[in-house]
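Structure first, then comments.
The values are calculated or read from the model by the stated rules, or taken from the named source; none is laboratory data. Since this is a predicted model, take the numbers as computed values, not measurements. Note that each Cβ is placed from the backbone with ideal geometry, even for glycine, and that neighbours are counted across all protein chains shown. SASA here: full protein model, heavy atoms, side chains in, ligands and nucleic acids out. Shrake-Rupley method; radii C 1.70, N 1.55, O 1.52, S 1.80 Å.
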Amino acid sequence: MAVQGNKIQFANDDADVVVVIGSGAGGGTLAGELAKKGIDVVLLEAGKLTPNSAFLPDEWASFKQLAWQDKRTASGTWQVARDFPTLPAWICKTVGGTSVHWAGAALRIQPHEFKTLTTYGNLPGTNLLDWPLTRAEMDPYYDRAEDKMGVTRTHGTPGLPGNNNFKVMYAGATKLGYQQCSTGHMAINSVVRDGRTHCMQRGFCFQGCFFGAKWSSLYTEIPQGQATGHMELRPESQVVRIEHDRQGKVTGVLYYDAGGRLMRQKARLVALACNSLESPRLLLNSESAMFPDGLANSSGQVGRNYMRHTTASVFASFADKVEMFKGTTMAGIISDESAFDPKRGFVGGYHMETISLGLPFYTSFLKPGAWGADFAKAIDAYAYTAGLWVVGEDMPRETNRITLNQDVKDQFGIPVADVHVDDHPNDVAMREHGFRQGAAVYLAAGAKQTYLVPPYPSTHNLGTNRMSERPADGVCNKHGQSHDIPNLFISDGSQFTTGAAENPTLTIVTLALRQADYIAGQMGQHAI
Amino acid sequence: MPANARSVPSIRPPNAAPASSPLSAPTRRELLKSTGLLTGTLALSSALAGLAPSRAWALDLGTFSSHQGAVILAFSRHLYPHPTLDDAVYALVVKDLDSQAASDHAVQQIVLSGVRQLDQVGGGDWLKRPPALQLVDVESMQGTPFFVTVRSTAVVALYNNDMAFAHFGYGGQDGHLGYLHKGFNDLTWLPEPPDAASGPIPPN
Ligand SMILES: Cc1cc2nc3c(=O)[nH]c(=O)nc-3n(C[C@H](O)[C@H](O)[C@H](O)COP(=O)(O)OP(=O)(O)OC[C@H]3O[C@@H](n4cnc5c(N)ncnc54)[C@H](O)[C@@H]3O)c2cc1C
Ligand code: SF4
């Protein structure tokens, strides 16, 4: 479905609408699903509406076009704070959110990863907790999400054909004895499906899919929601405050519209889906006399337990050409290291997924701040280079958190998010293991040289409004409904209790589908 | 590999999208005027010959003198030494700094005082200093505002243009319509993965 216009407009003082804040993987899906159920929705999105036909095959220009570039700060001992002090995360500010930039890897969280406290034990220095949900409860919704997103190798959809970067990974993985290597589960059409074409192997997945072959809420859930006549999308509408009444129920939001005017949209229910940095920031910035620590924060957990996956990249140069930039960015995956196996010296597991960067990003990310002859030699080998990304479970810690930086304000004069992270020793051990195994894969395939690359600004941002059985342990229940305020929902990756080893978006979409059913049910019973 | 001691933000989106032909053929007016001008000739073998309007290239400077431009170019070559990469590409670093300096007085001061310092070290002309000593100078300037400004500009400007893409073998915009029928899986020096690990290639 192509990007289209609204069929309906709701009045600002219409207090019967559901307001969804943020139109990415979580918010876009929730809004579309509610609209399909006949529920009236106003979808507020801070970014502009940029149709996929306008996406650019140019890394920096695309970053400027789509990425969140409002101010943020970073602190803590993680290397990202040193390498990218004003860019702790790589997230989009555009209709469709980060589902525009994502690579499409769509994996289910493993059953034991919903029970990390039980499985890993109470590791010192962590804030591990079991999800209030099981994999069995999630499975029917995972089925629906995979089917909706066209995930390869599920529901009869074939896998994607492997590109050159995959061939190198596959050769090394099999030589090393790994058993689970394929072109994976990708929310990228391998065949024409859902009114969208198949993948054309462009290699600009991180810049938005010009062809719309990769699932994004931008050209699926959002226009589908608009088509029902029950959903109004308002781009360039940045919410700065969620308001509540004397009973402590939310009543609406304040936002700046495209013209810079401060507007109030009333609401029956507010669903927050601004990704894991902005969602807690908005709750904290909405503090009031009744909620002096911010909304939905009686547990004190808003903003805490920030997770961004334990990541690392390994690039390797070969005697012959690879040209990793041709074709899908995440073209293959090795999952043998994703199991729970504490003999390796850490809990949790990780996947290895191919990654490719164009020359502009490769030179900026390979070794931030580097210069000199060795660096130049690595760049000389660009066309002969293959790459993979390690993505594993990182440990939730109370002290890894989003706080308001009162010294730095955004364009509206509002304190920005500071992202504080100190790696847990488990994260460090896992990253070292990933570096070793990633390098081993490439050496097995005949690499001349390997390059171990530190984490990029975080692309997976999770956990800052986590779900919990007990209200004291987290911010929301297993439906994303905040423990404190029944008509306030968390609808993005910030709900995650723990991060698991899998790329998060399939689970974010799955939770949104589940939440839509729950909200419709509760509204039907007039419980909210 | 020497790393920048103070490790600064290395992400600085470029001022402009990569220009396909960022340099122009020198005009008579440019050759006669007194403000800064960098000129050069592309090597005959250069992969870039097809991208430039002519083998001779010229870069008109708005802020820096020709000498200052040449010092910055030489400094950039030490930062990112690619022996066979043409000066025409390094000139883009000078171009980017020149335009930053035109609109930002602080940048202008940082760059000009850095060049002045280098020239002093070089007894009036840093370009006359032996390359091995130039490299020592570059190393000893790590962490200074001049080094940080030139390096963070260079790492983007040098590699974010069509000439660099051609030199290093990156497809850039060529990929816009996809490599499905343009060799996305043309690697033949390793065994083909089995069908079960890969997937069918769409017919069209
Ligand atoms: C380069 C890259 C590659 C990735 N690859 C993968 C992958 O292969 N697999 C995977 O599972 N995940 C991947 N991800 C991660 C994935 O994109 C995110 O996990 C997912 O999009 C998060 O969904 P979300 O709903 O939480 O937030 P988002 O999709 O980020 O949506 C949040 C939206 O809220 C808007 N917003 C924020 N604040 C406000 C406000 N105050 N008012 C109004 N609107 C606001 C933002 O502009 C944004 O549009 C990748 C991410 C990146 C950057
Ligand atoms: S490689 Fe496929 S999914 Fe990625 S941008 Fe191109 S067409 Fe879209």
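Could you tell me what percent of the accessible area of chain A is made up of carbon and sulfur, with a 1.4 Å probe and every protein chain present?
50 percent
At a probe radius of 1.4 Å, what is the per-residue accessible area of A:Arg241, in Å² to the nearest 10?
70 Å²
Whose amide H sits under 5 Å from the amide H of A:Trp90, counting only residues 5 or more places off or on another chain, with H placed in the peptide plane?
A:Ser458, A:Thr459
May I ask you to evaluate 6.51 cos²θ - 1.76 cosθ + 1.60, the Karplus curve with θ = phi - 60°, for each residue of region A:246-254 and list the ³J(HN,Hα) values in order in whole Hz, giving x for glycine and proline?
5, 7, x, 9, 6, 10, x, 9, 9
If you take each beta carbon of peptide A:157-170 and count the beta carbons of other chains within 10 angstrom, what is the mean?
Across the residues of A:157-170, the mean count of other-chain Cβ atoms within 10 Å is 6.
Measuring from the lowest to the highest alpha carbon on each principal axis, how far does region B:94-204 reach, largest first, in angstroms?
Result, largest extent first: 66, 34, 22 Å.
Once the Cα atoms of helix A:425-444 and of chain A are each reduced to a long axis, what angle between those two axes, in degrees from 0 to 90 to the nearest 10, is obtained?
Compared with the principal axis, the helix lies near 40 degrees.
At 1.4 Å probe size, what's the solvent-accessible area of B:Val107? Round to the nearest 10 Å².
Surface open to solvent at B:Val107 totals about 20 Å².
Subtracting the Cα-Cα distance from 0.36 nm times the residue separation, let me have the gained length for A:Lys71 to A:Glu137 in nm, one decimal.
Net length gain for the segment: 19.9 nm.
Among the listed pairs A:Lys71/A:Lys214; A:Lys367/A:Lys448; A:Lys115/A:Lys214; A:Lys93/B:Lys182, which have their C-alpha atoms separated by more than 22 angstrom in this model?
Pairs exceeding 22 Å: A:Lys71/A:Lys214; A:Lys115/A:Lys214; A:Lys93/B:Lys182.
How big is region A:229-298 on each of its three principal axes, counting only the C-alpha atoms and giving the largest first in Å?
35, 25, 21
Enter the mean number of other protein chain beta carbons within 10 Å of the beta carbon of each residue in A:193-202, as an integer.
Mean inter-chain Cβ contacts per residue within 10 Å come to 4.
Ignoring ligands, DNA and RNA, how do A:Asp16, B:Asp87, A:Asp473 rank by accessible area with a 1.4 Å probe, largest first?
A:Asp16, B:Asp87, A:Asp473
Charges only on Cβ, +1 for Lys and Arg, -1 for Asp and Glu: so what's the dipole of region A:38-178 about the Cα centre, in debye to the nearest 20?
Charge dipole of region A:38-178: 400 debye, to the nearest 20.
When Lys and Arg each count +1 and Asp and Glu each count -1, what net charge do the other residues less than 13 Å away from A:Asp394, Cβ to Cβ, add up to?
Once positives and negatives cancel, what remains is -3.
Residue by residue through region A:301-306, which ³J(HN,Hα) values in whole Hz follow from phi under the Karplus form 6.51 cos²θ - 1.76 cosθ + 1.60 (θ = phi - 60°), with glycine and proline marked x?
9, 4, x, 8, 6, 4
To the nearest 20 Debye, how big is the dipole of chain A about its Cα centre, given +1 on the beta carbon of each Lys and Arg and -1 on that of each Asp and Glu?
680 debye
Put A:Lys36, A:Lys148 in order of accessible area, largest first, 1.4 Å probe: what do you get?
Order by accessible area, largest first: A:Lys36, A:Lys148.
Once both axes come from the Cα atoms, what is the angle between helix A:25-36 and the longest principal axis of chain A, in degrees from 0 to 90, rounded to 10?
For helix A:25-36, the angle is close to 50 degrees.
Using the Cα centre of region A:1-149 as origin and beta-carbon charges of +1 (Lys, Arg) and -1 (Asp, Glu), tell me which of A:Phe114, A:Val100, A:Thr29 is placed farthest towards the positive end of the dipole.
After comparing all options, I get A:Val100.
What is the angle, in °, between the Cα long axis of helix A:135-149 and the longest principal axis of the Cα atoms in chain A? Nearest 10 is fine, range 0 to 90.
Approximately 80 degrees, to the nearest ten.
Can you pull the one-decimal nm distance between simple spin-label points at A:Ile8 and B:Thr84, each 7 Å off the Cα toward Cβ?
Each label point lies 7 Å from its Cα, and together they span 6.4 nm.
Just to verify a number: what accessible area does B:His181 come out at with the full protein assembly present, 1.4 Å probe, Å² rounded to tens?
130 Å²
Using DSSP to define loop residues, name the trypsin sites (Lys or Arg not before Pro) in region A:404-480 whose beta-carbon has at most 14 other beta-carbon atoms within 10 Å.
A:Lys448
Read phi for every residue in region A:15-22 and hand back ³J(HN,Hα) as whole Hz from Karplus 6.51 cos²θ - 1.76 cosθ + 1.60, θ = phi - 60°, with x for Gly and Pro.
Result, rounded to whole Hz: 8, 9, 7, 8, 9, 10, 9, x.
Quantify how strongly other chains surround peptide A:178-190 by giving the mean number of their Cβ atoms within 10 Å of each of its Cβ atoms.
Mean shielding count: 2.
Lysines near A:Lys167 by alpha-carbon distance under 16 Å, same-chain residues fewer than 8 away left out - which ones?
In chain and number order, the partners are A:Lys175, A:Lys321, A:Lys326.
If amide H atoms are built 1.01 Å from N in the plane of the peptide, which residues on other chains or at least 5 residues away come under 5 Å of the amide H of A:Ala312?
A:Val390
Give me the percent of Cα-Cα pairs in the protein assembly as shown that sit more than 44 Å apart, rounded to a whole number.
For the protein assembly as shown, the share of Cα pairs beyond 44 Å comes to 25 percent.
Among DSSP beta bridges lying fully in the protein assembly as shown, give the percent that are antiparallel, nearest 5.
70 percent
Taking the Cα centroid of region A:9-78 and of region B:56-135, what is the distance between the two, rounded to the nearest whole Å?
Distance between centres, Cα-based: 43 Å.
Amide H neighbours of B:Thr39 under 5 Å, counting only residues 5+ apart in sequence or on other chains, H built in-plane at 1.01 Å?
B:Leu59
Give me the 1.4 Å probe accessible area per residue for region A:1-130, excluding ligands and nucleic acids, in Å².
Per residue, region A:1-130 has an accessible area of 34 Å².
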